[in-house]
Amino acid sequence: MKYAVFSLAAIGVFPLAFALSANRRWMKYAIWAMIAALALFQATSINFFSHEDYRGSSRGMEVSLAYLMALALVLAAAVRGRFPGFLPSAGMKLYAAYFLLCLPSWTSAENLLFCWMETWKMLMMYLVYLGVRSYLAATDGAGHLVKALAFFAIWNFLAVVKEHFCGVYQPEGVFPHQNSMVMAMHLFGGLFFALYAARGWRSARLAAIAFAASAAAGVRSYSRAAIALMPLSYALAALLLWWKGSGAGFPRLLKRLAPFAAAGFAALMLMLPRIIERFETAPEASGATRVELARCAVEMMRDEPWRGVGVNNWGIKINPPWEYAEAAGRTRTRGEDFKDGIVETVYLLVGAECGIPALVLMVLWLLHYLVLSLRLVWRLAPSTACCVAAGLAGGLLACYAQSCLEWVLRQQTNLALLMLFFALLDHLNAHWREYAAGKND
């Protein structure tokens, strides 16, 4: 039944695109549908060639309703003559170079189907980026997109609340894992923190609710890295707003943030025993495993520094008959059915699977958008869009820092949201004069 519904949805992309091209308001509804599909990613996706037991960053060739909506938005913008281009920014040129440098890893891979799964995902992420850029180009405003993201954050929080009352120790929200959820909440929290703190957005109440939902979900995950990085994210956003971005003076920022600070302190006191327990009872073996798997990744990079061991082939090459684990001193008993985990840092994972050149390009691609967000704070001041740039700067900093301990930026929902925020930053950069002058929403 699910495949029949998917087939009908795929057939309907082209009629939908022409319908969207006829009315900009319908395109605004379409972006809401795309965000909703991301929040319901597993329920609205078809997984071809599924390998659910595989320990890698892709376990199938997924086609999501979010991808179909993105394609419809691209086609609608093209019909309206507002398509932004296939490589509309320096960031996307870096992404294209990173993608191309991942392809040589196919020549050293053991399983080419697994390579195709990850390559397909990277192509779909590019489609998500183009869909968001096309929507923004065709509607000349980011207001509805930001509102849709606010409801995504609230939706995720309600899912966390439901799991809390069901007795889930570390809730996942609408994401596949609690670490995936808290990584995304860095971006949402930073964005809506800045929009509320500077009081630049006319939907300030919605920003306040979305910020509270993002922060509460992040803390409730009991992720030690996230709890440590959240203040860094908000502090950078507040510093940018006070220093340059919004024209908001320090007393005004304190006045705006005082209620949240009080509520946050009270909530922290309620959860403090569990947080302390999480820090004190974390198994030592967990840290040792992270170190050992990192060493395994380094051994792979030493063996294949230019092309890696094969994109999405980590779950194969970490196990016998390959000897990377032994060379790194991995001491676990290696029976016939031994299956080792995945390295807990996205940077070493990319370096091991795709080689050092691809790792360098990925880091440059990510850093480009952090630098771009900082530059946009200056360009967009004192408009509302400046708050978006300041908030995303803080969120990206926390996200990149936590990625030193997590590989979840390779997961579908997280990477799709990251591409969405990158598209928003590129759009603001392309039209910064209009936003700075208050001509765009």
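List of remarks:
- Burial ranking of peptide ranges 345-353, 14-22 (average Cβ count within 10 Å, highest at the top): 345-353, 14-22
- Fraction in percent of alpha-carbon pairs per bin - 5 Å, the range 17-87: 4, 17, 20, 18, 16, 12, 8, 5, 2
- Prolate/oblate/rounded call for the range 93-242, Cα gyration tensor, a/c under 1.5 rounded: oblate
- Segments 421-431, 219-229 sorted - mean Cβ within 10 Å per residue, highest first: 421-431, 219-229
- Translational diffusion of the range 31-132, estimated by Stokes-Einstein from the Kirkwood radius over alpha carbon pairs at 4 °C in a medium of 1.567 mPa s, is 87 µm² per second.
- R0 of 41 Å, Cβ-Cβ distance ARG25-SER50: FRET efficiency to nearest 0.05: 0.60
- Inter-site label distance for ALA235 and ARG433 at 7 Å from Cα along Cβ, in nm: 3.9 nm
- Full-extension gain in nm, GLU323 to LEU367, via 0.36 nm per residue minus C-alpha separation: 12.5 nm
- Whether the range 158-242 is rounded, prolate or oblate, judged on the alpha carbon gyration tensor where a/c under 1.5 counts as rounded: oblate
- Take the Cα of ALA78, step 7 Å toward its Cβ, do the same at LYS93, and the gap between the two points is 2.3 nm.
- Environment charge of ALA76, counting only residues whose C-beta is closer than 11 Å and scoring Lys/Arg +1, Asp/Glu -1: +3
- Reported value for the range 313-430: 107 Å³ per residue, from the convex hull of its C-alpha atoms.
FYI, it's all coordinate maths here, none of it is from the lab. Given the structure is predicted, the values throughout are model-derived calculations rather than measurements. Note that we place each Cβ from the backbone using ideal geometry, even for glycine, and neighbour counts take in every protein chain shown.
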